[in-house]
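The values are calculated or read from the model by the stated rules, or taken from the named source; none is laboratory data. Everything numeric here is computed off the predicted structure, so don't read it as measured data. In this analysis, Cβ positions are derived from the backbone assuming ideal geometry, glycine residues included, and neighbour counts consider all displayed protein chains.
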Amino acid sequence: MGRTKNLRDRLDGLGAHWSEEATYEVVEHYGDPRGEYDAVGDGGLAIVERGERETLVVYGPDAIPWLQGLVTGDLHELVDEGNGQRNAWVNTTGRFVGEARLLHLPELLFFDLEAGTLGNGLMSHLRRHIILEDVTLDDRSDASARITLVGEPAAAALEELAEWQHDIAERPPFFGTWGRWKGEDLILQRQVWSDLPCFDVTCDVAAAEALIEALRQLDDGAVMMGRQAFEILRIEAGVPRFGVELHEKVIPLEAAFDDAVAYDKGCYLGQEIIARLDTLGTPAKLLRRVILEGDDVPEPETEVFPADGKGRKIGHVESAVMSPRFDAPLALAFVKRGHNDVGAQVRIGEAKGRLEALKQIGAPDSE
């Protein structure tokens, strides 16, 4: 895990309240999750320490052709250094094995992963498919710290922080750059976790404490944000994440992952199932954002029924929050074919809800 004792002590001093997710510690909040949320809504900057996320580096003469046969996206879109994309690994039935935000850096491919992804199956999946290829898989999770900046001032603060190889403000989603700060190497990637500007900075784990302090000093109004507020922003934007809405029972096309699927790149593991689904029919279920009436936030796995509450269940909730932006409970739920049209009404518990499409993330053109 990319977090030193000194960094943890510093976060404690800033008011961190901790919890566990998939055996990894995360900061839930810093004493006022609603205040953390409101700060970015009012045009401010939030700093999110995310040392629980994992980092995988892949390199070697055969890395690109080998990986091209395992991921759903087209790595040829990453021809220029600094290009990035959202991508996925699936099994022979077309279901998720892992999801990553991928960045082409000089002489290597950099993967930002959800906590627990490598140890829970992805690393063994990748190693199993190396036969004679000259490929190196380097798990740098313990050595790397991840810090996310969210809010309108994010790009300006980062431009002031360091000298970067590319103009940060011009980077499309998932593209990135690299630079140096006080002798430390930094990697930056534009992310899509919210409707607000969002950037990840990755540094050596030993530099994270000082980097957070430097970022706080760049913006007097910057707040530290924990997972609770960050999850509200994510679910409001309709962006699924691996290990929550995306898992071994889900095909990418069921979860608005079209930007991470290249339909014309040729063969890859699981391609036949995805291509057949795209060509011959619609998915058995789709992930929808649901705006609910009332004040009750449903628990994960709560069943979804038709609006009249009659008949068999038509889906289930994966995650939910109380949304200040919508002034209503908001859920991400899988809803079965024939019941998941955008605008359709459903019932979750005692509350009626309206289905909305997830955020569509277009694959940017290479620069």
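Tell me, please, whether a residue that is outside any loop (DSSP other than H, G, I, E, B), in contact with a Phe, Trp or Tyr (Cβ under 8 Å, 6 or more places away or on another chain) and more than 15 Å from Gly270 (Cβ to Cβ) can be found in the stretch 66-82. No, there is no match, as no residue in the stretch 66-82 is outside any loop (DSSP other than H, G, I, E, B), in contact with a Phe, Trp or Tyr (Cβ under 8 Å, 6 or more places away or on another chain) and more than 15 Å from Gly270 (Cβ to Cβ).
Residues checked against (1) assigned to a loop (DSSP other than H, G, I, E, B); (2) aliphatic (A, V, I, L, M); (3) surrounded by 13 or more Cβ atoms within 10 Å (Cβ to Cβ):
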site: Ile291; (1), (2), (3): no, yes, yes
site: Val297; (1), (2), (3): yes, yes, yes
site: Glu301; (1), (2), (3): yes, no, no
site: Val304; (1), (2), (3): no, yes, yes
site: Ser319; (1), (2), (3): no, no, yes
site: Met322; (1), (2), (3): no, yes, yes
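If you go through the stretch 90-100 one residue at a time, how many are surrounded by fewer than 24 Cβ atoms within 10 Å (Cβ to Cβ) and either touching a strand residue (DSSP E or B) at 6+ places or on another chain (Cβ under 6 Å) or not polar (S, T, N, Q) (or both)? Write out each step before concluding.
So in the stretch 90-100, the residues surrounded by fewer than 24 Cβ atoms within 10 Å (Cβ to Cβ) come out as 91-95, 97.
With the extra rule that they be either touching a strand residue (DSSP E or B) at 6+ places or on another chain (Cβ under 6 Å) or not polar (S, T, N, Q) (or both), the set shrinks to 91, 94-95, 97.
So the count comes out to 4.
Candidates Leu78, Leu70, Leu102: the one that is over 26 Å from Asp195 (Cα atoms), of a type in the set (A, V, I, L, M) and not assigned by TED's automatic domain parsing to the domain that holds Phe326 is Leu70. Scanning the stretch 244-260 for residues that are of a type outside the set (Phe, Trp, Tyr), outside any helix (DSSP H, G or I) and at negative phi returns Val244, Glu245, Leu246, His247, Glu248, Lys249, Val250, Ile251. Counting only residues that are without any contact (Cβ under 8 Å) to a residue 40 or more places away in the chain and touching a Lys or Arg at 6+ places or on another chain (Cβ under 7 Å), which one in the stretch 306-317 is surrounded by the fewest Cβ atoms within 10 Å (Cβ to Cβ)? Residue satisfying both the conditions and the ranking: Gly309.
For the stretch 135-157, the candidate set comprises residues that are closer than 18 Å to Glu209 by Cβ and hydrophobic (A, V, I, L, M, F, W, C); within that set, the residue that is surrounded by the most Cβ atoms within 10 Å (Cβ to Cβ) is Leu149. Applying the set (1) surrounded by fewer than 22 Cβ atoms within 10 Å (Cβ to Cβ); (2) aliphatic (A, V, I, L, M); (3) not assigned by TED's automatic domain parsing to the domain that holds Arg180 to Ala206 leaves exactly one unmet item: (3). Taking the options Tyr268, Tyr263, name whichever one is surrounded by 18 or more Cβ atoms within 10 Å (Cβ to Cβ) and either among the hydrophobic types (A, V, I, L, M, F, W, C) or outside any helix (DSSP H, G or I) (or both). Unique residue meeting the criteria: Tyr268.
Quick one: is Arg86 crowded, with 18+ Cβ neighbours inside 10 Å, closer than 23 Å to Ala145 by Cβ and among the basic types (Lys, Arg)? Show your work before the answer.
Working: crowded, with 18+ Cβ neighbours inside 10 Å: yes; closer than 23 Å to Ala145 by Cβ: yes; among the basic types (Lys, Arg): yes.
So Arg86 fits the description; yes.
Beta carbons closer than 6 Å, at least 6 apart along the sequence or on distinct chains, pair a first residue in the stretch 167-185 that is without any contact (Cβ under 8 Å) to a residue 24 or more places away in the chain with a second that is in a strand (DSSP E or B) for Gly179/Glu163; Gly179/Trp164; Gly179/Leu186.
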